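Following: one structure in structure tokens, then a few remarks.
The values are calculated or read from the model by the stated rules, or taken from the named source; none is laboratory data. Model, not experiment: these values are computed from the prediction. Here the Cβ is made from the backbone with ideal geometry for all residues, glycine too, and neighbour counts use every protein chain on show. Please note that ligands, DNA and RNA were not included when accessible areas were found on the heavy atoms of the full protein model with its side chains. Shrake-Rupley method; radii C 1.70, N 1.55, O 1.52, S 1.80 Å.
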Amino acid sequence: MTASGEETVETDEATITDDAELERTLGLTGGLAIGIGTMIGAGIFVFPGIAAGRAGPAAAVSFGLGAIIALLVALPASELATAMPKSGGGYYFISRALGALSGAIVGISIWLGLVFATAFYLVGFGNYAAAVLAEAGVDVAGVPVVVPLALLFGVFLTALNLFGTENAAALQNYVVGLLLTILVIFLGYGGLDALGVFGRASTPETFAPFGATPVFTTAALVFTSYLGFAQVATVAGDIKRPGRNLPLAMIASVVLVGVLYVATIFVATSAFGSAALASFGETAIVEVARNFGGRAGAIAILIAGLLATVSSANASILSTSRAVFAVSKDALVPGIAGRVNLRYGTPHVALSMAGGPVLVLVALGEVEVLAEVASFLHLVMYSLMCVALFAMRRDEPEWYDPAFRVPAYPLVAGLGAVSSAGLILFMQPTSQIIGIAIMLASAGWYKYYADDVQLKGVL
Amino acid sequence: MSDDRTTADEAETGPDADPVTGTETEARDRSTDPEPDRATAGGLAIREPPVVLLPLAVLDGETVSESLVEFLAPTKEVLLAYHELPEQTPTEQASLQFEERAREAIEDLADAFRDAGSDPETRVVFTHGRQQTIDRVAGEVGATAVLLPNPTGDIDEVLVPIREPIDDDRLADLVTTLIEGENDRVTLWGLTAEGDDFDPARAVERAAEELRERGVDSATVTTETSVTPTPVRDIVERSADADVIVMREGTGSVVSVLLGDDAERIATGAVAPVLVLRDRTPSEAEPDDSSTDADASGSVHSSKE
């Protein structure tokens, strides 16, 4: 591949450049853990109450729509990632296929998009930590603890990534494994119960009490639950056998997470009515678990909620740091952003550029806006990734040799581009304005700082 | 910093080098070597020229002593400069910043080996998993042994603790290549725990026999056996008397050995460097008769491009 201007050979085990070899150390399990670990938090542990309040039991359809859109994007992303198995993910594909300006807008706004997502996960964590305190009988005397707990943990996670040199990947695998086990037991029991197996008829309710539009706006809101499959592409340079493992990890994590989400909404709305569910707020699922399994059930789900939000937040901080590196490598932001600290071996500047702004956003504590802005900026990237696939396929450069090719690509990528962009239209005006402002600011930065940047390997 | 690796290759294919089999290259190295005792080793029978892999965390300042360079020079060395990164750091990011320094450090060491009459291959790898990298490179170059470095002075005493059946052929290739000084001594030391199936006396005798067959003077080879419940501790304690330890990797792969298996524990505790004899992997066993020769003449690298 000539994209980097030097002789680079990609093998299943390493990337071999003229000067050094970059070992691929993540297997399929590692890739799945990143994809699932990033995604699985929000859809189950934050959104069911909010979503049911907005769309009723039809919120399950909202989650289903999200899964379909995610899948339509995951397929083109898989093809691009196997053709360019490099760190950088979506930014890299778009900048190479559509040029430096599009690349800069996506690259910089995805950094902020991930910052919004991380802040959202941390507020989710704060809610769960507060619920744990309440469950443990700690009296906080009416003081709001959600945001302080989220801030504290945000600082902790950032510091952990700055100074921690222990192998965190294995830990992430165990966290995701434990999480999936709890969820499958919970949803399995809840699903059987909802179907009346245990003799309690569940309350039938109008499926879409508020009509069709809320189903779409809810889909736009909860799409944050699917941000994560593309994060697998940002570690493409680390994945062993990328031709097989990248598509498998992305597609399998979307399908698995989508099924779990739809099942969650089904179980939750069967256990309680939508209105009751909405009144429980961010930790509604804990009440559902309490309904099935008493205190033990509630505690199990609280633990799962902590694990899920922590793994999502942590994975997003890492992705943010990688996103910053990707743009700094191409000189779209000052090179210092990509510096690695020799003592700890960690990218301290990029990690600070992740953790710092996250804390500011957490302090605002606006869950829905955080979620939607994160989705907005990701959806723009997803849409452009689909466009990038068209650009690549139209005049396939010599080095373009993806191990995975999207079947019926004009249809899949076309639908992916249109549906990702379309979902943005159903968001709250506040989120849309913030998202557009961030993109304009990114374009402005490009004009001001990097107008003369020539990217290597652009079509 | 143009391509230093090419420099290494050029040296191999240049007018000085013999692009033929490793054995002949070695014989040539010895004949051009200023040290007279080197030449005396030329007559020993070496079936498969040993390849020694030296994984070094050069950015953490890890290197090998001058005496070890001298000692290893008769083998084909692969100098592996590796830098292990935490998960949160993309290997590409670190390589952009540190590749040049790593390359410089490993080339300095390669120069020391060249001065000693050898012709090492150099590799620079950025990784999240040291064991995986060592395992992969060892497999690619068909390494006979992997060095776990420790400081050492002049090397005369080679200690070979044997605790399980060992590939006598490989051991003999390595030891025969390495010992050539007048003062060099090899101690084959069989260790066993009480009630163990393993017969150390027989294993030690077979290894000694193999060395004699290769033409090693029997006066330089000592054999002994011990029964002990704490073999690792005994080896570590005895390392003070040895200048280098040669032992087989534990059951399992190089990975498990380096992770903290016996060899690693011994290397950590011992005063002497440890050469871990690798088992032949099934994939290396068949087609490698031809490709090992290729490895020894340095074509592994070029074949990858």
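Computed quantities for the displayed model
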item	result
Label-point gap, in nm, between A:L195 and A:A443 - each point 7 angstrom along Cα→Cβ	5.2
Cα-based shape type of the range A:86-125, given that a ≥ b ≥ c are square roots of the gyration tensor eigenvalues and the cut on a/c is 1.5	prolate
Values of log10 I(q)/I(0), in the order q = 0.23, 0.25, 0.26, 0.31 Å⁻¹, for the range A:139-194 under a Debye, Cα-only, solvent-free model	-0.88, -0.92, -0.94, -1.10
Accessible area (Å², 1.4 Å probe, nearest 10) - A:W445	80
Given 12 as the ceiling on other Cβ atoms within 10 Å, longest exposed-site-free region of chain A for trypsin sites (Lys or Arg not before Pro) in DSSP loops	A:1-199
Residue-wise HN-Hα coupling along the range A:182-196, computed from phi with Karplus coefficients 6.51, -1.76, 1.60 (Hz; x: Gly, Pro)	4, 5, 5, 4, 4, 6, x, 5, x, x, 4, 4, 5, 7, x
Candidate residues A:L112, A:L178: accessible-area rank, largest first, probe 1.4 Å	A:L178, A:L112
For the range A:311-459: relative contact order, % (alpha-carbon pairs under 8 angstrom, 6 or more apart)	25
For peptides B:268-274, B:204-210, sequence by mean Cβ density within 10 Å, most packed first	B:268-274, B:204-210
Expected 222 nm ellipticity per residue - DSSP helices of 4 or more, -39500 (n - 2.57), all of chain A, to 500	-24000 deg cm²/dmol
Fraction of the pair-distance distribution of the range A:48-130 above 17 Å, Cα-Cα pairs, percent	67
Cα centroid of the range A:180-259 to Cα centroid of the range B:85-102, whole Å	36
The range A:370-454: mean projected area of Cα convex hull, nm²	7.4
Solvent-accessible area, 1.4 Å probe, carbon plus sulfur percent, for the protein assembly as shown	59
Derived scalar couplings ³J(HN,Hα) [the range B:103-114; Karplus, 6.51 cos²θ - 1.76 cosθ + 1.60; whole Hz; x for Gly, Pro]	4, 4, 4, 6, 5, 4, 5, 4, 4, 4, 5, 5
Karplus-derived HN-Hα couplings along the range A:74-81 (A = 6.51, B = -1.76, C = 1.60, θ = phi - 60°), whole Hz, x at Gly and Pro	4, 5, x, 4, 5, 4, 4, 5
Shape category assigned to the range B:177-244 from the gyration tensor of Cα positions, a/c cut at 1.5	oblate
For chain A, the longest site-free run once GluC sites (Glu not before Pro) in DSSP loop states with at most 13 other Cβ atoms within 10 Å are removed	A:167-397
Accessible area (Å², 1.4 Å probe, nearest 10) - A:D139	130
Within the range A:1-113: Cβ-based charge dipole about Cα centre, in debye rounded to nearest 20 (Lys, Arg +1; Asp, Glu -1)	940
Relative contact order, percent, chain A [alpha-carbon distance under 8 Å, six or more residues apart]	36
Cβ-based charge dipole, the range B:41-160, positive-most Cα from B:V137, B:A94, B:V64	B:V137
With DNA, RNA and ligands ignored, accessible area of A:D452 (1.4 Å probe; Å², nearest 10)	120
Average silhouette area of the protein assembly as shown, convex hull of alpha-carbon atoms, in square nanometres	37.1
Förster-model FRET efficiency, 25 Å R0, B:D197 and B:R280, C-beta, rounded to 0.05	0.65
DSSP-defined antiparallel bridges as percent of all bridges, the protein assembly as shown, nearest 5	20
